[in-house]
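None of the figures in this text is laboratory data; all of them are computed from the coordinates on show. Every value quoted in this text rests on a predicted model; they were computed, and no experiment measured them. Note that each Cβ is placed from the backbone with ideal geometry, even for glycine, and that neighbours are counted across all protein chains shown.
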Amino acid sequence: MSATAHSVIEPTARERRFAATLIVIYALVTMLPLVWIFMTSLKTPQDSISYPPKVVFGPTLEGYVNLFTTRTRQTPEYMASLPPPETWWDELVRSRNMVIAGPSKFGERFLNSVIIGFGSTFLTIFLGTLAAYAFSRFRVPLKDDLLFFILSTRMMPPVAVAIPIFLMYRQLGLSDTHLGMILLYTAVNLSLAVWLLKGFMDEIPREYEEAAMIDGYTRLQAFRKVVLPQATTGIAATAIFCLIFAWNEYAFALLLTSGTAQTAPPFIPTIIGEGGLDWPAVAAGATLFLLPVLVFTILLRKHLLRGITFGAVRK
Amino acid sequence: MAELALEGIEKAFGTTRALDRLDLDVADGELVVLLGPTGAGKTTTLRTVAGLDRPDAGRVLIGGVDVTSEPPAVRDVAFVFQQYSLYPHYTVFENLAFPLRSPLRRQSAAVIRERVETIARMLKIESKLQNRATRLSGGEMQRVALGRALVREPALFLMDEPLSSLDAKLRETLRVELKRIQQELGATILYVTHDQIEAMTLADRIGVLEQGRLLQIAPPREIYGRPANVDVARRLGSPPINLLPPQLLPDLEAPSATHVVGVRPEDLVLNGRGVASAITQVEHLGADTVVALEANEVRLHALVSGESRLETGTTIHFSVAPDAMLFFDADGRRLDGGGERA
Ligand SMILES: Nc1ncnc2c1ncn2[C@@H]1O[C@H](COP(=O)(O)OP(=O)(O)OP(=O)(O)O)[C@@H](O)[C@H]1O
Ligand SMILES: [Mg+2]
């Protein structure tokens, strides 16, 4: 479009500027808590709770060091007897008259979150794609009722069934296991995934698979070669929704996990320092915890945008 | 190549009877065109042959083998769809190579490349091979779709209006090309079209389908000159055949059951004798002129060659050569005694 041409459907330069301003304001408002968390993660414990809050401060990585370690306070005599510190984090801890006793549980909890979050997302997408394809293409008896039933599982808040699940998991030995959490999050996410994915599948004309089947492929091969590549947008969008839910889930994780399979959300608020919560360490944990979803979303953002507009732009 | 036989095919979608006891034979190396109004069951017929739709009753035989319950992949047919034919996530090359890469065929990469390039050259799309299938004009897409059928050497080609989205010139070029390829390969083709020039020029035989029934199947000239009934007569010809009440024509020698007399527009003779009629419109088409007439509240069309000097609003007399008349009874069936020229 040339600079002078005026199109009726394209917004004008002024409308664009107005829209951009609104978006920037909204972005700033929503980003402020995140910026605050990030800033807190770089403060000393004193700075983090000072009033009025400090906006300008000397940044330190103490929060991150505390997040990953457990420390013990020692007598000045013992401190003096130690050889000089080997690393900057040793030095940092010793300046507080403490020594590092060992790694904290944060690494493990974070890994649990990754395993359970991505594991359940993968399982949800795998099952959801096949189910959505079947609902979209085959004559399934009672199809509408089944679809409604699937959706109805999401009509109450999942925590409403927390007690029965808690008891059931104890019976089955699934409490505090990775498998148990993956199955649980998959069960919760699957209904939404089936519905979203069915919408995307419905939009892919079946002529493509039919052409492939005539060209000498079985239905499953046609599904893999022709349907899946065209469903990537929908799959990516659905995967992000599923991952965000599983990643951030707090209530079930708190109830059902305590050790082996505990994820980061119930763990982070329990990081205690001397004399109460260690806010910089909590903030550091929250900051690191945000990263994977952020990266995943940025990687898939093109699909996500198109996915959310539900094929309005797809030809 | 192989012959095709459909025996008593029935297919219903809910309460719609898409195919109604359809019998159809296509001989080895023959090109049969299916003509019919929209919703007649043409696409359903092709889909049944391909195995995409299961018939409720009847048998499908390809090369003498009953394939009624076989999946599409093993029937060895190629299908050119009415729409949505190309895989949008592939390039043109990959689209053309797709059938050859099927697990049933497993051709070597060199053979595939060679074959695809030959076909692309034939269809004049060799410069587009690396394009995304979605980045093509409608005509190019349709040629790729044709190409994807032609890369294989299937037992049978099924083509559902393959030239419908092309411009007139390209349509003609491809039509001629298709006929040449068909004769060269000795290909068996079942072809659906709305375009009667396509039907007349391509077909060894034309089958006229209406409401899932085959009304008549015969060589093009016979369909045109000796249609089995009014519906078939109306299907071919532009402007369409004139259907006149017998009383309009004086001194008519017609069978006694005659209910309607059919006269092709080109068989109306505007010679100043016969029935008086008013000229309501004159359309010059270039080589021909279509003259719209009205006689005793009956509207009819005449086709005269060259540029006519006739004027709207004037009166003219017309007559019909007796051997050009077709007689139909009250049920629309053609009666013997007319259409001797065919
Ligand atoms: N999948 C389907 N579900 C329900 N009805 C169908 C289906 N496919 C076809 N029909 C119906 O069957 C009849 C025949 O359809 P078909 O597609 O064979 O027509 P056609 O002759 O190819 O028409 P066109 O010239 O418009 O392509 C129509 O009445 C159509 O509505
Ligand atoms: Mg059709």
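Could you identify which residue out of A:THR287, A:THR129, A:THR12 has the top mean-square fluctuation in a GNM of chain A using Cα springs shorter than 10 Å?
Of A:THR287, A:THR129, A:THR12, the Gaussian network model singles out A:THR12 as fluctuating most.
Please get the size of the charge dipole for the stretch B:6-115, origin at its Cα centre, with Cβ charges of +1 on Lys and Arg and -1 on Asp and Glu, quoted in debye to the nearest 20.
The calculation lands at about 480 debye.
From other protein chains only, count the Cβ atoms within 10 Å of every residue's Cβ in B:67-77, then give the mean.
On the way: counts 0, 0, 0, 0, 4, 11, 10, 2, 3, 2, 1.
The shielding value for this peptide is 3.
How large is the charge dipole for the stretch A:45-104, taken about the Cα centre, if only the Cβ atoms of Lys, Arg (+1) and Asp, Glu (-1) carry charge, to the nearest 20 debye? Intermediate results must be reported in sequence, preceding the final value.
Working: 5 positive and 6 negative charges, 37 e Å.
Result for the stretch A:45-104 is approximately 180 debye, rounded to the nearest 20.
Skipping prolines and chain starts, which residues have an amide H placed within reach, meaning under 5 Å, of the one on B:LEU214, given they are 5 or more residues away or on another chain?
B:ASP23
Which order do peptides A:203-215, A:131-143, B:246-258 fall in by mean Cβ count within 10 Å, highest first?
Top to bottom by mean Cβ count within 10 Å: A:203-215, A:131-143, B:246-258.
Per-residue HN-Hα couplings for the stretch B:252-266, Karplus 6.51 cos²θ - 1.76 cosθ + 1.60 at θ = phi - 60°, whole Hz, x for Gly and Pro?
The phi angles translate into 7, 9, 10, x, 5, 7, 4, 10, 9, 10, x, 9, 5, x, 6 Hz.
Identify, among A:ALA80, A:LEU67, A:GLY102, the residue whose Cα sits farthest towards the positive end of the charge dipole of the stretch A:45-104, taking +1 on the Cβ of Lys and Arg and -1 on the Cβ of Asp and Glu, with the dipole about the Cα centre.
After comparing all options, I get A:LEU67.
Please list, in order along the stretch A:45-52, the HN-Hα scalar couplings obtained from phi with the Karplus expression 6.51 cos²θ - 1.76 cosθ + 1.60 (θ = phi - 60°), rounded to whole Hz, x for Gly and Pro.
x, 4, 4, 5, 10, 5, 10, x
Place a +1 charge on the Cβ of each Lys and Arg in the protein assembly as shown and a -1 charge on the Cβ of each Asp and Glu, then give the dipole magnitude about the Cα centre in debye, rounded to the nearest 20.
Values: 65 positive and 67 negative charges, 481 e Å.
With only Lys, Arg, Asp and Glu charged at Cβ, the dipole is about 2320 debye.
Relative contact order for chain A: what percent, with Cα pairs under 8 Å and sequence separation of 6 or more? Present the calculation step by step, with values, prior to reporting the outcome.
Numbers: 325 pairs, mean separation 81.7, N = 315.
The value is 26 percent.
Would you please give the residues with an amide H less than 5 Å from that of B:LEU156, counting only those at least 5 places away or on a separate chain, with H modeled from the backbone geometry?
B:ALA78
Quick one: check the C-alpha center-to-center distance for the stretch A:13-38 versus the stretch A:67-84, whole angstrom.
One Cα centre to the other: 46 Å.
Over 25 Å between C-alpha atoms is what I'm after, so list which of A:LYS225/A:LYS302; B:LYS124/B:LYS169; A:LYS225/B:LYS128; A:LYS302/B:LYS128; A:LYS225/B:LYS42; A:LYS43/A:LYS302 land there. Don't skip to the end; give the middle numbers.
On the way: A:LYS225/A:LYS302 22 Å; B:LYS124/B:LYS169 14 Å; A:LYS225/B:LYS128 22 Å; A:LYS302/B:LYS128 27 Å; A:LYS225/B:LYS42 29 Å; A:LYS43/A:LYS302 35 Å.
A:LYS302/B:LYS128; A:LYS225/B:LYS42; A:LYS43/A:LYS302, as the Cα separations exceed 25 Å there.
Do you know the relative contact order of the stretch B:66-181, to the nearest whole percent, from alpha carbon pairs under 8 angstrom that are 6+ apart? Spell out each step's value before the answer.
On the way: 127 pairs, mean separation 45.2, N = 116.
Relative contact order of the stretch B:66-181: 39 percent.
In a GNM of chain B with a 10 Å cut-off on Cα contacts, which of B:LEU285, B:LEU303, B:LEU163 has the highest mean-square fluctuation?
In the Gaussian network model the winner is B:LEU285.
Express the relative contact order of the stretch A:45-104 as a whole percentage, based on alpha carbon pairs under 8 Å and six or more residues apart in sequence. Please list the in-between numbers first.
Numbers: 47 pairs, mean separation 23.9, N = 60.
RCO, the stretch A:45-104: 40 percent.
Just from its helices, what would the mean residue ellipticity at 222 nm be for chain A, if runs of 4 or more DSSP H residues each count -39500 (n - 2.57) and the sum is divided by every residue, rounded to the nearest 500 deg cm²/dmol? Don't jump to the answer; show the numbers that get you there.
Values: 16 runs with 205 residues, N = 315.
The helix contribution divided over chain A gives -20500 deg cm²/dmol.
Enumerate the amide H contacts of B:GLY36 below 5 Å, restricted to partners 5 or more residues apart or on another chain; note that Pro and chain-start residues carry no placed amide H.
Those lying under 5 Å, H to H, from B:GLY36 are B:LEU209.
Could you tell me the distance between the Cα centroids of the stretch B:258-289 and the stretch B:5-23, to the nearest Å?
Each part reduced to its Cα centre gives a spacing of 39 Å.
How many Cβ atoms of partner chains, on average, are near each residue of B:51-61 if near means within 10 Å of its Cβ? All intermediate terms of the calculation are to be shown ahead of the outcome.
Values: counts 3, 7, 1, 0, 0, 0, 0, 0, 0, 0, 0.
Shielding by partners across B:51-61 averages 1.
Among B:ARG264, B:ARG113, which comes first, then next, by fewest other beta-carbon atoms within 10 Å? Kindly include the intermediate steps, with their values, before the conclusion.
Values: B:ARG264 23, B:ARG113 15.
Listed from fewest to most nearby Cβ atoms, that is B:ARG113, B:ARG264.
At 222 nm, what value in deg cm²/dmol follows for chain B if DSSP H runs of at least 4 each add -39500 (n - 2.57) and the sum is divided by all its residues, to the nearest 500?
Numbers: 8 runs with 79 residues, N = 342.
Helices in chain B give a 222 nm mean residue ellipticity of -6500 deg cm²/dmol.
What list of ³J(HN,Hα) couplings, whole Hz, do you get for the stretch B:228-238 from phi and the Karplus terms 6.51, -1.76, 1.60, once you set θ to phi - 60° and write x for glycine and proline?
With the stated coefficients, the stretch B:228-238 comes to 6, 7, 4, 4, 5, 4, 6, 5, 10, x, 9 Hz.
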